[in-house]
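The values are calculated or read from the model by the stated rules, or taken from the named source; none is laboratory data. Owing to the predicted nature of the structure, the values given are computational and were not obtained by experimental measurement. In this analysis, Cβ positions are derived from the backbone assuming ideal geometry, glycine residues included, and neighbour counts consider all displayed protein chains.
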Amino acid sequence: MQTDVQQVAAGTYLVHGSNTNWVILTEGDAVTLVDTGYPGDREQVLASLAQVGGSPEAVAAVLITHAHNDHLGSAEYLRATYGTPVYLHDAEVPHARREFLHQVTVGDVVRNGWRPGVVPWALHAIRSGGKAHVPVTAPEAFPSEGALDLPGRPVPVHTPGHTDGHAAFHLPDTGVLISGDALVSGHPTSRIKGPQLLPDMFHHERARAVASLDVLAALEGDLLLPGHGPAHRGPVREAALQARERAL
Ligand SMILES: [Zn+2]
Ligand SMILES: [Zn+2]
């Protein structure tokens, strides 16, 4: 299976799954996998690892920006099958265990069904396991403060709002920001392209999501790898400020 794997920087690959992205960071033979797509994207996750010369056994850790099904899809599979640790922000750990679920509901989608793109997006989401129950049974909080001792040396950045424990990952050495759903560059339910927040129905607390854009605007970098939409080149600061302007 060929997947849409794009090398965007040294040892840094953006993968477009089905309406969702994940990122592979490589260092020698070892790999960090950031997010894991929808449950239905599993074959694409495995194929993307193979395409960069990796394998599921080579994944040192799975980092999850946040525990929505389109990012968490294969985390438990990798943990249970290969013993791969699954790390999230402390505040997102119970979400990954599904002690609660802060995710767009069928009711939210129905109320927004008149918006362009929402119905086809929802049908795809359901087909891809968007409503499946995919808890991680033993998720772990990030093992240290600051840069993680993993391929890519990612630095978690708490960016709450989309979910309570959402984290972006900053790669200061390559000027990359993996922004998850705290800052995206497009979505099937959005008619605008470029840096933006997801439509309102997707955020647990939209006002906090807007405030978190200021956190991202303080980061140095010139390449944005979002959870949805294409890679965006240009100062991360400007991208975050543009999204904030559009959100007000
Ligand atoms: Zn999300
Ligand atoms: Zn998402």
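Just a few scattered comments:
- Checking each residue in the stretch 182-205 for being surrounded by fewer than 18 Cβ atoms within 10 Å (Cβ to Cβ) and more than 15 Å from ligand 2 (Cβ to nearest atom) picks out 191, 192, 193, 194, 205.
- Search result, residues across the stretch 37-71 that are within 16 Å of ligand 1 (Cβ to nearest atom), polar (S, T, N, Q) and touching a strand residue (DSSP E or B) at 6+ places or on another chain (Cβ under 6 Å): 65
- Just one of the listed residues (104, 93) is within 18 Å of the chain's Cα centre (by Cα), assigned to a helix (DSSP H, G or I) and not hydroxyl-bearing (Ser, Thr, Tyr), and it is 93.
- Residue 23 touching a strand residue (DSSP E or B) at 6+ places or on another chain (Cβ under 9 Å) and buried (at least 20 other Cβ atoms within 10 Å of the Cβ): yes
- Residue count for the stretch 221-232, restricted to those that are on the phi > 0 side of the Ramachandran plot and within 16 Å of ligand 2 (Cβ to nearest atom): 1
- When the stretch 55-87 is limited to residues that are under 20 Å from residue 166 (Cβ atoms) and of a type in the set (Ser, Thr, Tyr), the one that is surrounded by the fewest Cβ atoms within 10 Å (Cβ to Cβ) turns out to be 87.
- Which listed residue, of 174, 105, is exposed (fewer than 15 other Cβ atoms within 10 Å of the Cβ) and either more than 16 Å from ligand 2 (Cβ to nearest atom) or of a type in the set (Ser, Thr, Tyr) (or both): 105
- Among the residues of the stretch 211-246, those identified as of a type outside the set (D, E, K, R) and either exposed (fewer than 15 other Cβ atoms within 10 Å of the Cβ) or closer than 19 Å to residue 68 by Cα (or both) are 211, 212, 218, 225, 226, 227, 228, 229, 234.
- Restricting 240, 218 to residues that are of a type outside the set (Asp, Glu), touching a residue at least 24 places away in the same chain (Cβ under 8 Å) and more than 16 Å from ligand 2 (Cβ to nearest atom) narrows the list to 240.
- Selection count, the stretch 218-235, where residues are assigned to a strand (DSSP E or B), of a type outside the set (D, E, K, R) and more than 13 Å from ligand 1 (Cβ to nearest atom): 4
- For the residues 212, 185, the requirement of being of a type in the set (Ser, Thr, Tyr), within 16 Å of residue 8 (Cβ to Cβ) and modelled with pLDDT of 95 or more singles out 185.
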